[in-house]
Protein chains: 4
Amino acid sequence: MEIGLIGLGKMGGNMRERLRRAGHTVIGYDRNHEIADVGSLTELVDAFTSSPRVVWVMVPAGDPTRDTVKELGELLSDGDVVVDGGNSRFTDDKINADHLAEKGIGYVDAGVSGGIWGLKNGYALMVGGSPENVAKVQPFFEALKPEGDYGYVHAGPVGAGHFAKMVHNGIEYGMMQAYAEGYELLTAAAVVEDVPGVLKSWQEGTVVRSWLLDLLVNALQEDPNLDDIKGYVNDSGEGRWTIEEAINHAVPVPVLAASLFARFSSRQDDSPAMKAVAALRNQFGGHATTK
Amino acid sequence: MEIGLIGLGKMGGNMRERLRRAGHTVIGYDRNHEIADVGSLTELVDAFTSSPRVVWVMVPAGDPTRDTVKELGELLSDGDVVVDGGNSRFTDDKINADHLAEKGIGYVDAGVSGGIWGLKNGYALMVGGSPENVAKVQPFFEALKPEGDYGYVHAGPVGAGHFAKMVHNGIEYGMMQAYAEGYELLTAAAVVEDVPGVLKSWQEGTVVRSWLLDLLVNALQEDPNLDDIKGYVNDSGEGRWTIEEAINHAVPVPVLAASLFARFSSRQDDSPAMKAVAALRNQFGGHATTK
Amino acid sequence: MEIGLIGLGKMGGNMRERLRRAGHTVIGYDRNHEIADVGSLTELVDAFTSSPRVVWVMVPAGDPTRDTVKELGELLSDGDVVVDGGNSRFTDDKINADHLAEKGIGYVDAGVSGGIWGLKNGYALMVGGSPENVAKVQPFFEALKPEGDYGYVHAGPVGAGHFAKMVHNGIEYGMMQAYAEGYELLTAAAVVEDVPGVLKSWQEGTVVRSWLLDLLVNALQEDPNLDDIKGYVNDSGEGRWTIEEAINHAVPVPVLAASLFARFSSRQDDSPAMKAVAALRNQFGGHATTK
Amino acid sequence: MEIGLIGLGKMGGNMRERLRRAGHTVIGYDRNHEIADVGSLTELVDAFTSSPRVVWVMVPAGDPTRDTVKELGELLSDGDVVVDGGNSRFTDDKINADHLAEKGIGYVDAGVSGGIWGLKNGYALMVGGSPENVAKVQPFFEALKPEGDYGYVHAGPVGAGHFAKMVHNGIEYGMMQAYAEGYELLTAAAVVEDVPGVLKSWQEGTVVRSWLLDLLVNALQEDPNLDDIKGYVNDSGEGRWTIEEAINHAVPVPVLAASLFARFSSRQDDSPAMKAVAALRNQFGGHATTK
């Protein structure tokens, strides 16, 4: 079947490949014309030989996605479906869906997990939208998802897919931080002489075994003391939104928030807050401050 | 080969079975004589037909373990080895080892993970002790551990095994709390209509896939809203020790600590701290308090 | 001088009184006509005998404030000034200011602290706006603020006042929680026999002395074990906004966030997250769950 | 009245002065003989002209205090009283008291707050011990404490004084961190142009007014951007013990723990934990790491 795919970067490029391997016809567009199949969104829409058309948007969240959806609203027709597979905030979905609905165009949001391993293992898909719109995209979901019973859910109406993916990433932050704190404690205590070996021993038969643990073991095999990596960690939006949504719903999320704050701290050369604490200690106790 | 095993409860009983399936001769003792092979520690020690003797202690941490080790010190001989496979605090290990060393008896500490699944899948083992003492226990470690390259580490000298297991459990607290907070957020937002389905979709192809996630999916299949479970969570020592060791080594562990505190809170009918906050709000703002 | 004051509740009523004691003429309006000086906003605006008119809005944040500002935009004239002294989110200020600016009406936001003690001690004021608009309100700020050098700041342009007040409240959450956790620990340890006495001893000569401490001592004198207060704590917006702004600016705020989450937890009969943790422990360890 | 005082450093020296101003005779000993009144503990004990003798120990916690108490046990007699006014862990108190009790010597523990301001304002005192032993020290407590009803509590039996002081310091950590996080947020948002002015405005009429706030305002007047202070903060024991005692009593202390962990982080050039998180992100997402 035919699908349009906008955005052929690290994720989109591999998804095109996985869709093609499954026998689908992918009409790919990217700002980088060297990797694109067509030269514009107009060409992309015109290249379809059948309808309804399904166009999958895989561009950065925020303005790029919003602008692309708007442009597709000009080009597509009643009954077509747009899928936003990017990392959009779920609150954008309703806006996009309402905009397209004015012309009878359907909208489906899809949270996509899998990273650079997705081409081989399949992409886990969390999907939001009406049953009829989701049905139009289903053949492509089947091609992208991992084999077997797992890796796909129709989570609810428009927005549910990105919401589920957002929570997935929030949990991811928390899990990574849990492993990381444990790792640091192992390295801090002299009694444990083989830290990479301890983590490796956990890969089977333990409560903490996971894919993330496997990756940490890999990283330590390449660089046993992580000497080549700085403790500087970016965050990409979903972690922040998770905390904000938790606040909206009065859900206590101490672990997820602590994980986000640890990333913020990791990026500070010096901490204004800790300057203030040092200043206070100096004021009341005459404690020396370090400059 | 022959091994003595003291403590035949949920863990010890299954370990006896797994050792026997591997062809070892297990001399089991338990306070509950109905499940024991011998009637006393003296009988256990006398039942060995060869030496050195290896005796594995699998009783509750604290006094029961300490008392058992002391009694074994009276009964065993130079060259024998005692293994503490219970959940002892690693600081007990040096004391036990020094006590036994006076009579030339070796000591090995083994952190054991696997729970009720260990009989089938094997027990992950984190081991501390001298190379020569560990070597005497090695055949039994081989029988207990999962198949393949994983599930076993000789982490360092005496204490390293229990330290590694302690950190394992600390991480476990953090991971469970991360999933739990994400789960609660999913249930709090109306947009996600199929929460169990979302968690199930994560089991393949995602960053958060793990054995713990599989278990949570199982639990939700049995009880989709967890209606039959109260949010009351005990803790068993390792989580506390992890935080205390982190403090000893000045390692920041916000996620692991938050996970422990969440358990403490879960067990309180009312919170004295929050009473104090409510009292303060009433004092300065005239905010109504709830009784 | 003349000032209009809209909203004569717990805060506004006392502010009217304090302004009058300072010799100002206050034209007060409230939905509750029994306590109002005029029957409508139109009457309020018409009651002024001089210009420019200053109208202080002291109604609940959100729609009530936004609607009142809009209505004043219809009634006031070029050169008049509206002050929002309520607990509005600072992001509303720019919107309100721009709306009024179309008609040449000025806008000033004022964060007001002091609660039920303000009538006697004065209200601390954090103010945002252009120098010329702030100047028009200055006589009233002087009347409302505490005596002396303190209790007033022109923090910056429109929005700065509410932003500063928001942070004030965020800090308040953290301080209260710090006292509360310490209080609970004192009550938990048998060795301290006179908990109210300990807190009272801290009121002079210590690092933790503060007005909040004084209030906690008061509360404990009235009810030494806080038996009459439930540990159920509401939150009113500023605490949430503080965390959200911290996230916007990538500022790590573990203490402020923990304080907010403790309030969320205090309001839960049971915790879905801790249900999930209990379910997990049951799955892997056969730990009993409580129902 | 006569009192022996051992340790004449920053705290002890000022306490000698405050006791003398109140008319007491202080026999001071210090390792630094230039500031001492006597040359040895033996001389100190012999210098008393009446009995029972009260000797106040004001040396660093841990071995120095334990050794001094032991030595005093050799020199003092039945009915004398030793006061430990240092920052000892409360668990040491029972040990010291039992040791001295063998010779009929009394023991009182006194948590002392006040820092470099104590000479002028008085020292807040939290005292543990038997009523009869406390009574023997009472005249000196009266001289050291601030004037008025506050600044002194007999909190309970031996250990209660240091326990109360420990909790005081734990709360202090939390309060300082609350102010510090709020301060950082104020500096991060462009809308607030006068951060020191905002903090100054809070000194009267607000909920967050306190002595610590006054000190922070002082610090900002000397150095408005805290340019001369590094965000590097030590901790001195009580903060750690507070968390450990909270864990012992299953008291959730998220704010106090977060404050301690922020200090740990402030002292790290790079974070092993965040290296691990960066390594994980690189493994699963191909995210660049910073070196």
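Legend: mean number of C-beta atoms from other chains within 10 angstrom of residue C-beta atoms, peptide A:112-121, equals 4. Build a GNM of chain D with springs between Cα atoms under 10 Å: which of D:TRP202, D:TRP241, D:TRP56 gets the top mean-square fluctuation? Looking only at D:TRP202, D:TRP241, D:TRP56, the biggest GNM fluctuation is shown by D:TRP202. Each of A:VAL253, A:ASN225, A:TRP211 was placed along the dipole of the stretch A:167-256 (beta-carbon charges, centred on the mean Cα), and the one lying farthest toward the positive end is A:VAL253. Across the alpha-carbon atoms of the stretch B:76-217, the computed radius of gyration and Dmax are 19.7, 68 angstrom. Going by alpha carbons, how many degrees (0 to 90, nearest 10) lie between the helix axis of A:272-285 and the longest principal axis of chain A? With rounding to tens, the tilt is 20 degrees.
For label points placed 7 Å from Cα toward Cβ, what is the shortest-first list of nm distances from D:ALA135 to its copies? Copy-to-copy label distances for D:ALA135: 7.0, 7.1, 9.2 nm. Computed over neighbours whose Cβ is under 14 Å from that of D:GLU17, the net charge equals +4, Lys and Arg +1, Asp and Glu -1. Taking the Cα centre of the protein assembly as shown as origin and assigning +1 to Lys and Arg Cβ atoms and -1 to Asp and Glu Cβ atoms, the resulting dipole is close to 0 debye. In whole percents, the pair-distance distribution calculated for the protein assembly as shown from its alpha-carbon pairs, binned every 20 Å from zero, is 11, 34, 36, 16, 3, 0.
Projecting 7 Å from Cα along the Cα-to-Cβ direction, the label point of B:ARG267 sits 2.7, 3.0, 3.9 nm from its equivalents in the other copies, listed shortest first. Once the gyration tensor of the Cα atoms in chain C is diagonalised, the equivalent ellipsoid follows with semi-axes of 42, 24, 18 Å, ordered largest first. Normalising the average separation of contacting C-alpha pairs (under 8 angstrom, six or more residues apart) by the number of residues puts the relative contact order of the stretch A:1-144 at 22 percent. Among the residues of D:137-146, the average count of other protein chain beta-carbon atoms within 10 Å of the residue beta-carbon is 1. Helix B:254-266 axis versus longest C-alpha principal axis of chain B: approximately 80°, rounded to the nearest ten. The residues neighbouring B:ASN133, those whose beta-carbon lies less than 13 Å from its own, together hold a net charge of -4 under the Lys/Arg +1, Asp/Glu -1 convention. Only helices enter this figure: runs of n ≥ 4 DSSP H residues, each worth -39500 (n - 2.57), summed and divided by the residues of chain B, yield -16000 deg cm²/dmol at 222 nm to the nearest 500. With θ taken as phi - 60° and the Karplus curve 6.51 cos²θ - 1.76 cosθ + 1.60 applied, the whole-hertz 3J(HN,Hα) list for the stretch A:60-73 is x, 5, x, 4, x, 5, 4, 5, 5, 4, 4, 5, 5, x Hz, x standing for glycine and proline. Here the stretch A:233-290 and the stretch D:178-203 have alpha carbon centers that stand 16 Å from each other.
Take the convex hull of the alpha carbons in the stretch C:156-244; its mean projected area over all directions comes to 7.6 nm². For the stretch A:74-127, what is the percent of antiparallel DSSP beta bridges, rounded to the nearest 5? Percent antiparallel among DSSP bridges in the stretch A:74-127 is about 50. Amide H contacts of C:ILE27 (H built 1.01 Å from N, in plane; Pro and chain starts excluded): C:ILE3, C:GLY4, C:LEU5 sit under 5 Å, all sequence-distant by 5 or more or on other chains. Report the FRET efficiency, 1/(1 + (r/R0)^6), for A:THR42 and A:GLU17, where r is their Cβ-Cβ distance and R0 is 25 Å, rounded to 0.05. The computed FRET efficiency comes out at 0.50. A simple rule links phi to the HN-Hα coupling: the Karplus curve 6.51 cos²θ - 1.76 cosθ + 1.60 with θ = phi - 60°, which for the stretch B:230-242 gives 8, x, 10, 10, 7, 9, 10, x, 4, x, 5, 4, 4 Hz, with x for Gly and Pro. The label point for A:GLU193 and the one for C:SER77, both projected 7 Å from the Cα toward the Cβ, are 9.1 nm apart. Each residue of the stretch B:133-144 is assigned a 3J(HN,Hα), and the resulting list reads 5, 4, 4, 5, 9, 3, x, 6, 4, 4, 6, 7 Hz, derived from the Karplus form 6.51 cos²θ - 1.76 cosθ + 1.60 (θ = phi - 60°), x at Gly and Pro. About its Cα centre, chain A has a charge dipole of approximately 500 debye under the convention of +1 per Lys or Arg Cβ and -1 per Asp or Glu Cβ, with nothing else charged.
Think of each Lys and Arg Cβ as +1 and each Asp and Glu Cβ as -1; about the Cα centre, that makes the dipole of the stretch C:46-113 roughly 140 debye.
Normalising the average separation of contacting C-alpha pairs (under 8 angstrom, six or more residues apart) by the number of residues puts the relative contact order of the stretch C:224-291 at 31 percent. In degrees, nearest 10, range 0 to 90: what is the angle between the Cα axis of helix A:10-21 and the longest Cα principal axis of chain A? The helix A:10-21 is inclined about 50 degrees to chain A. Beta bridges per DSSP, both residues in the protein assembly as shown: antiparallel share near 20 percent. Rounded, prolate or oblate: which fits the stretch B:26-111 when a ≥ b ≥ c are the square roots of the eigenvalues of the alpha-carbon gyration tensor, with rounded for a/c under 1.5 and prolate only if a/b beats b/c? The shape class here is oblate.
With unit charges on the beta carbon (Lys/Arg positive, Asp/Glu negative), name the residue among C:SER130, C:ALA273, C:SER236 whose Cα is farthest towards the positive pole of the charge dipole of chain C. Result: C:ALA273, furthest along the dipole toward the positive end.
So for each of D:222-232, B:171-181, B:155-165, C:178-188 I average, over its residues, the number of other beta carbons within 10 Å; can you give me the resulting order with the highest mean first?
Highest-to-lowest ranking by the protection proxy: B:171-181, B:155-165, C:178-188, D:222-232.
Annotation for the stretch D:116-174 versus the stretch C:37-115: alpha-carbon center distance of 52 Å. Across the options B:HIS168, B:VAL38, B:MET1, the greatest Cα extent toward the positive end of the charge dipole of chain B (unit charges at beta carbon of Lys, Arg, Asp, Glu) belongs to B:HIS168.
Relative contact order of chain B: 12 percent, from C-alpha pairs under 8 Å at least 6 residues apart in sequence. If amide H atoms are built 1.01 Å from N in the plane of the peptide, which residues on other chains or at least 5 residues away come under 5 Å of the amide H of D:GLY106? Excluding prolines and chain starts, which carry no amide H, the hits are D:GLY79, D:ASP80, D:VAL81, D:VAL82.
Where both bridge residues fall in the stretch A:48-176, DSSP classifies roughly 30% of the beta bridges as antiparallel.
Every number in this text was worked out from the coordinates using simple rules, so none of it is lab data. Not measured: the values here are computed from a predicted model. Note that each Cβ is placed from the backbone with ideal geometry, even for glycine, and that neighbours are counted across all protein chains shown.
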